[in-house]
Amino acid sequence: MSGQTGVPDLLPTPPGGERRLVLHSCCAPCVGGIMESMAAAGLEPLVLFYNPNIHPAPEYLKRKDENARFAEKLGLPFVDADYDPKAWMDRVRGLEAEPERGARCTVCFDMRLAYTADYAHQHGYRVFTSSLGISRHKDMAQVNASATRAAARHPDLTYWDHNWRKNGGMDHMLTVSRREDFYRQDYCGCTFSKRAAERG
Ligand code: SF4
């Protein structure tokens with residue numbers, strides 16, 4: 001399902017035929033293939049890195065820098081948003097013991113995608129999307145529900161709910177990640193997911 005370049009052939013037209021859009025990034029391994037597909041399709045994504053969930057700070061910097069490096073390589077704008085882990089911790093208080101894909105993740109997605117929607121609105125974008133749902137570890141319906149709530153904050157804004165795993169997207173994600181030798185973390189991001197990964 002991919003052309004000679006390895007980029008998936010079938011990238012649908014974004015809502016409203018918009019070429020400019022905000023692409024929320026969770027990390028380089030997830031977003032790299034999407035960035036490359038969009039660039040190949042002639043879209044103009046602004047890559048927004050807003051992930052106050054990531055712990056600890058050196059890990060956050062490592063993931064962010066990896067993503068910024070690839071954006072620079074493709075010539076795409078990259079926005080380094082606020083890193084405010086205290087605000088994130090305040091939001092998930094009481095949900096520490098929740099499993100991955102549970103209520104804590106809903107709050108986490110809501111926070112990151114609401115910020116993305118607000119940023120898009122404030123900067124004149126009409127469409128946003130996210131790499132959050134491409135990982136097989138994520139519940140795409142849960143991500144889409146959070147993004148739909150975020151989009152509802154602004155009547156002129158639409159969430160592009162394309163399934164980035166489809167049409168060769170998942171294979172392309174893995175190909176780009178290996179080719180670019182991205183740093184690949186072994187836990188989702190927060191301190192609770194890190195502890196769960198360490199427990200095995
Ligand atoms: S497991 Fe991942 S999605 Fe869930 S709360 Fe932690 S960082 Fe957020």
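The values are calculated or read from the model by the stated rules, or taken from the named source; none is laboratory data. Because the structure is predicted, anything quoted here is derived from the model rather than measured. Note that we place each Cβ from the backbone using ideal geometry, even for glycine, and neighbour counts take in every protein chain shown. We work out accessible area using only protein heavy atoms, side chains counted, and drop any ligands, DNA or RNA first. Shrake-Rupley method; radii C 1.70, N 1.55, O 1.52, S 1.80 Å.
Quick look at the numbers
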item	result
Check on LYS138, out of contact with any Gly (no Cβ under 7 Å at 6 or more places or on another chain), closer than 23 Å to VAL22 by Cα and of a type outside the set (Phe, Trp, Tyr)	yes
Number of the condition not met by VAL127 [criteria: (1) crowded, with 22+ Cβ neighbours inside 10 Å; (2) touching a residue at least 40 places away in the same chain (Cβ under 8 Å); (3) within 16 Å of the ligand (Cβ to nearest atom)]	(3)
Matching residues, the range 42-58, being open to solvent by less than 30 Å² (accessible area, probe 1.4 Å) and within 11 Å of the ligand (Cβ to nearest atom)	ASN51, PRO52, ASN53, ILE54
Residue that is farthest from the ligand (Cβ to nearest atom) [pool: residues in the range 188-200 that are open to solvent by 30 Å² or more (accessible area, probe 1.4 Å) and outside any helix (DSSP H, G or I)]	GLY200
Test result for GLY133, of a type outside the set (Lys, Arg) and surrounded by fewer than 21 Cβ atoms within 10 Å (Cβ to Cβ)	no
Residue in the range 150-165 that is most open to solvent (accessible area, probe 1.4 Å), counting only those that are among the charged types (D, E, K, R) and under 16 Å from the mean Cα position of the chain (by Cα)	ASP161
All positions within the range 166-200 that are among the polar types (S, T, N, Q) and either at pLDDT 95 or above or within 15 Å of the chain's Cα centre (by Cα) (or both)	THR175, SER177, GLN185, THR191, SER193
The range 151-187, residues that are within 16 Å of the ligand (Cβ to nearest atom) and in contact with a Lys or Arg (Cβ under 8 Å, 6 or more places away or on another chain)	GLN185, TYR187
Failed criterion for LYS86 (all others in (1) farther than 20 Å from TYR187 by Cα; (2) free of Cβ contacts under 8 Å to residues at least 40 places away in the same chain hold)	(1)
Residue in the range 90-97 that is under 14 Å from PHE109 (Cα atoms), touching a helix residue (DSSP H, G or I) at 6+ places or on another chain (Cβ under 8 Å) and open to solvent by 10 Å² or more (accessible area, probe 1.4 Å) present	yes
Candidate set from the range 108-124 (those that are among the hydrophobic types (A, V, I, L, M, F, W, C) and in contact with a helix residue (DSSP H, G or I) (Cβ under 8 Å, 6 or more places away or on another chain)); member that is surrounded by the fewest Cβ atoms within 10 Å (Cβ to Cβ)	ALA114
Hey, ALA147 more than 19 Å from CYS27 (Cα to Cα) and either aliphatic (A, V, I, L, M) or not in a loop (DSSP other than H, G, I, E, B) (or both) or not	no
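For (1) under 14 Å from PRO45 (Cα atoms); (2) more than 14 Å from the ligand (Cβ to nearest atom); (3) crowded, with 19+ Cβ neighbours inside 10 Å, each residue gets a yes or a no:
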site	(1), (2), (3)
LEU61	no, yes, no
GLY75	yes, yes, no
LYS86	no, yes, no
GLY102	no, no, no
THR106	no, no, yes
